[in-house]
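Everything on this sheet refers to the single structure shown next.
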Amino acid sequence: MCGDADIGGGPEAHTEVCGAGIEFYRTALLAGRAPRAEAPGCVSTFGLVAPAVDDPEAMVPIPPSVATAALAYPMERLILEQQQSLAAVRASLSQAESVYRTARRKESESSQRLTPAPAITAALDEAIQNTRNELLTAHPGGKRPEEVLVKALPRTLEAHRKGVKQRTLYQHTVRAHGPTLDYIKQVTELGVEVRTVDEVFDRMIICDRAVAFIPDMGKDHGTHALKVTDSGVVHFLVSAFEYAWERAKPVVYEHDQQRPPLLTDETRLHVLRLMVDGYTDAAIASRLGISTRTVASHLKKVSDLLGSNSRAQLAYLTAKSDLLEDGTSGDCDCDHDCEGRTT
């Protein structure tokens, strides 16, 4: 028996109507009433019985549907209030969700993938046309294809016409590539600054320090690119450009020269540094924008100078010598340019 009828508490005080309660309820139904003193607490708690009007000491049965309605109403009202509160919370947060999605959408738009090549060209042309102050470009890999130079020249001329300051970075090897040098000569005569460096981090074009075009890593650079407008990323790219620019050598034409001076010794020193650090010929060639044949040629000249018989011995002798520390290749002067063509 779960307790007397006088025991208080709501339905939560009893998880179910006990067996004694069911029997008491059956007796009350059959007799029309039952003694209050014998009523288990659960039947009163669940509203299955109520005091008789004419006899407070007796309990009369209540239909289960009525008891259920009496118990369920406050619960349903509480649930309704909670549902309304939940709906209000969701409605209020939906405004924040809208703001959040808009911000995220703008954030994702700060990096736009461009493909194929015509889409890259169109986006690049639009960005350069809208450039008003500064255009920074970096082109790794040595010589540039002539068809690319033909397309690039009108952009450069248009930017110059608008008074845009232009600076371009190449690798040292372009100093031996006729078509690239012809392009450089044309643009430098307009005031474009061009410098070369041993290594260029990667291809990039930065317009007004506000929008940048970089390769989409892991994909063909010619048909996949990223257009970046995130201020933090663009600032980082500008910083990388400026660092490389400070290390780079200006491309200057002397009046009595058809070409700017080659930097063969500097290229050779960098080949030696990378060789000592353990890079393969192919890796060195990729980083410096030269051919593996040229790398081998540089290493052979130094090998002949130092009298080494193997790559390991060459690395040891180079590291032990003063070639890298002094920034000179000593007697190892080059009588060929960095692509093996006689100067």
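The values are calculated or read from the model by the stated rules, or taken from the named source; none is laboratory data. Because the structure is predicted, anything quoted here is derived from the model rather than measured. Neighbour counts are summed over all protein chains in view; Cβ atoms, including those assigned to glycine, are modelled from backbone coordinates with ideal geometry.
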Every pair of residues 6+ apart whose Cβ atoms lie under 6 Å, when the first sits in the stretch 229-241 and is more than 15 Å from Ala138 (Cα to Cα) while the second is outside any helix (DSSP H, G or I):
Thr229/Ser110; Thr229/Val211; Asp230/Ser110
Looking only at the stretch 46-66, how many residues end up being at pLDDT below 90 and either assigned to a strand (DSSP E or B) or buried (at least 17 other Cβ atoms within 10 Å of the Cβ) (or both)?
0
Does Leu181 count as within 22 Å of His270 (Cβ to Cβ) and modelled with pLDDT under 95?
yes
Matching residues in the stretch 20-38 - criterion: being out of contact with any Cys (no Cβ under 9 Å at 6 or more places or on another chain), more than 16 Å from Ala67 (Cα to Cα) and of a type in the set (Gly, Ala, Ser)
Ala31, Gly32, Ala34, Ala37
Within the stretch 152-173, residues out of contact with any Cys (no Cβ under 6 Å at 6 or more places or on another chain) and either in a loop (DSSP other than H, G, I, E, B) or farther than 28 Å from Arg132 by Cβ (or both) come out as Lys162, Gly163, Val164, Gln171, His172
All but one of (1) in a strand (DSSP E or B); (2) over 23 Å from Ala117 (Cβ atoms) hold for Ala240; which doesn't?
(1)
Determine if the stretch 115-122 includes at least one residue that is in the same structural domain as Asp230 (by TED's automatic domain parsing), of a type outside the set (A, V, I, L, M, F, W, C), surrounded by fewer than 16 Cβ atoms within 10 Å (Cβ to Cβ) and in contact with a helix residue (DSSP H, G or I) (Cβ under 7 Å, 6 or more places away or on another chain).
no
Quickly run through the stretch 136-151 and pick out the residues that are on the phi < 0 side of the Ramachandran plot and either in contact with a Ser or Thr (Cβ under 6 Å, 6 or more places away or on another chain) or not in a helix (DSSP H, G or I) (or both).
Leu136, Thr137, Ala138, His139, Pro140, Lys143, Arg144, Pro145
Among the residues of the stretch 154-190, the number that are under 17 Å from Ala127 (Cβ atoms) and of a type in the set (A, V, I, L, M) is 3
